[in-house]
């Protein structure tokens, strides 16, 4: 396997204060190739910025959701409620576990997108509250969805053998927290 420097990206992650200490660094040497540093990268559909603020990712998700909402409105009368619900879940729910401890501003943006998606899926009366729509669809609000995803991944990791590196890390952390109690 060969490294293609034209298609490779590198990013240095750190706090805003830490970023000042390596601000003069423009490239990194990887296997003899100079790879330019960038402010953000996209990995498995998740946009990471150098400060891990998740602002770029949330903005991209919201932009995508709004685009797909317009498209879904056009075909909504032709598909079942269950199909519309499934499409909506995929759009709003993708990789939201990476948003654990993100800012309230990001949570609010995603919540607005989820509320709008719920309106398109259910076609409610004009003054129906978003909370009522989410309850009708059995959807958790974004903040709770993120917590649920983390809990679900943790449960499945602890009660299966895969992935082993996560299981050993969780086991170590639970032993350390048990000792401090």
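Specify which of the listed residues (10, 19) is over 24 Å from residue 97 (Cβ atoms), touching a strand residue (DSSP E or B) at 6+ places or on another chain (Cβ under 9 Å) and free of Cβ contacts under 8 Å to residues at least 60 places away in the same chain. Full working, then the answer.
Values: 19 fails: touching a strand residue (DSSP E or B) at 6+ places or on another chain (Cβ under 9 Å).
The conditions single out 10.
Exactly one of these conditions fails for residue 51: (1) over 23 Å from residue 154 (Cα atoms); (2) out of contact with any strand residue (DSSP E or B) (no Cβ under 6 Å at 6 or more places or on another chain); (3) assigned to a helix (DSSP H, G or I). Give me its number.
Single failed check for residue 51: (3).
Do we find that residue 99 is farther than 28 Å from residue 48 by Cα and crowded, with 18+ Cβ neighbours inside 10 Å in this structure?
no
Residue 13 - would you say it is part of a helix (DSSP H, G or I) and surrounded by 11 or more Cβ atoms within 10 Å (Cβ to Cβ)?
It is false that residue 13 is part of a helix (DSSP H, G or I) and surrounded by 11 or more Cβ atoms within 10 Å (Cβ to Cβ).
Restricting to region 22-35, give me the number of residues that are free of Cβ contacts under 8 Å to residues at least 24 places away in the same chain and part of a loop (DSSP other than H, G, I, E, B).
5
Looking only at region 92-131, which residues are more than 23 Å from residue 80 (Cβ to Cβ), modelled with pLDDT of 90 or more and not in a loop (DSSP other than H, G, I, E, B)?
104, 105, 106, 107, 108, 109, 110, 111, 112, 131
The values are calculated or read from the model by the stated rules, or taken from the named source; none is laboratory data. Values in this document were obtained by computation on a predicted structure and should not be read as measured data. So basically every Cβ, Gly included, is an ideal-geometry build from the backbone, and we count neighbours across all protein chains shown.
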